[in-house]
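**Q** Handing you this structure, nothing more for now.
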């Protein structure tokens with residue numbers, strides 16, 4: 001599981017970048033269920049750069065809180081690049097932040113399909129005035145390991161974005 005200790009150095013690096021550039025962050029999470037927000041806010045002083053975290057586990061929540069069209073969810077599925085990108089864009093649009101990250105995936109143990117096996121996770125990163133970047137991961141392990149790996153990957157993509165570089169996606 002992504003404990004504060006395992007990701008603390010990444011969170012600190014991200015916080016340093018955000019503080020240096022006076023940027024604020026919003027997160028939209030599905031399969032991680034708030035683990036990323038918890039890791040971020042475990043750092044003292046995070047209120048200076050963390051705006052909000054949205055746990056949008058259901059499709060209805062993704063639509064209501066992040067503006068993900070129901071037609072997109074029906075056509076692509078919740079675990080898809082378009083949905084991840086819309087989650088990040090919607091979080092950025094609805095928050096008072098400069099950067100956003102969204103995580104949607106299949107943590108298991110059930111829910112996988114041949115096309116989207118357990119461990120499939122889409123992460124999207126967005127910044128104001130930029131097209132969101134995204135990446136699909138296939139993490140191995142049990143539910144806790146998939147969720148922890150998702151948090152780590154989200155942070156690894158945020159650090160360059162906070163520093164003014166492209167995120168780790170495409």
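The values are calculated or read from the model by the stated rules, or taken from the named source; none is laboratory data. Remember, predicted model here, so these are calculated numbers, not experimental data. When we count neighbours, we look across all protein chains shown, and the Cβ atoms used for this are built from the backbone with ideal geometry, even at glycine.
**Q** Taking the conditions exactly as written (outside any strand (DSSP E or B), more than 10 Å from the chain's Cα centre (by Cα) and touching a residue at least 12 places away in the same chain (Cβ under 8 Å)), does residue 153 satisfy them or not?
**A** So residue 153 fails the test.
**Q** Then there's this: Search segment 111-126 for residues being more than 10 Å from residue 79 (Cα to Cα) and in contact (Cβ under 8 Å) with a residue 12 or more places away in the chain, and hand back the single one that is surrounded by the most Cβ atoms within 10 Å (Cβ to Cβ).
**A** 126
**Q** Scan segment 84-97 residue by residue and report those that are touching a strand residue (DSSP E or B) at 6+ places or on another chain (Cβ under 6 Å) and modelled with pLDDT of 95 or more.
**A** 84, 85, 87, 88, 89, 91, 92, 97 - these are the residues of segment 84-97 that are touching a strand residue (DSSP E or B) at 6+ places or on another chain (Cβ under 6 Å) and modelled with pLDDT of 95 or more.
**Q** List every residue pair whose Cβ atoms sit under 8 Å apart, with the two residues 6 or more apart in sequence or on different chains, where the first one lies in segment 66-80 and is free of Cβ contacts under 8 Å to residues at least 12 places away in the same chain and the second, anywhere, is loosely packed, with under 15 Cβ neighbours inside 10 Å and in a loop (DSSP other than H, G, I, E, B).
**A** Within 8 Å, no pair qualifies.
**Q** Here are some residues: 133, 100. Which one is closer than 18 Å to residue 40 by Cα, touching a strand residue (DSSP E or B) at 6+ places or on another chain (Cβ under 8 Å) and either surrounded by fewer than 22 Cβ atoms within 10 Å (Cβ to Cβ) or in contact (Cβ under 8 Å) with a residue 12 or more places away in the chain (or both)?
**A** 100
**Q** I would also like to ask the following. List the strands (runs of 3 or more DSSP E) inside segment 1-116, counting only whole elements, that have at least 1 residues being over 22 Å from residue 135 (Cα atoms).
**A** Result: 50-55.
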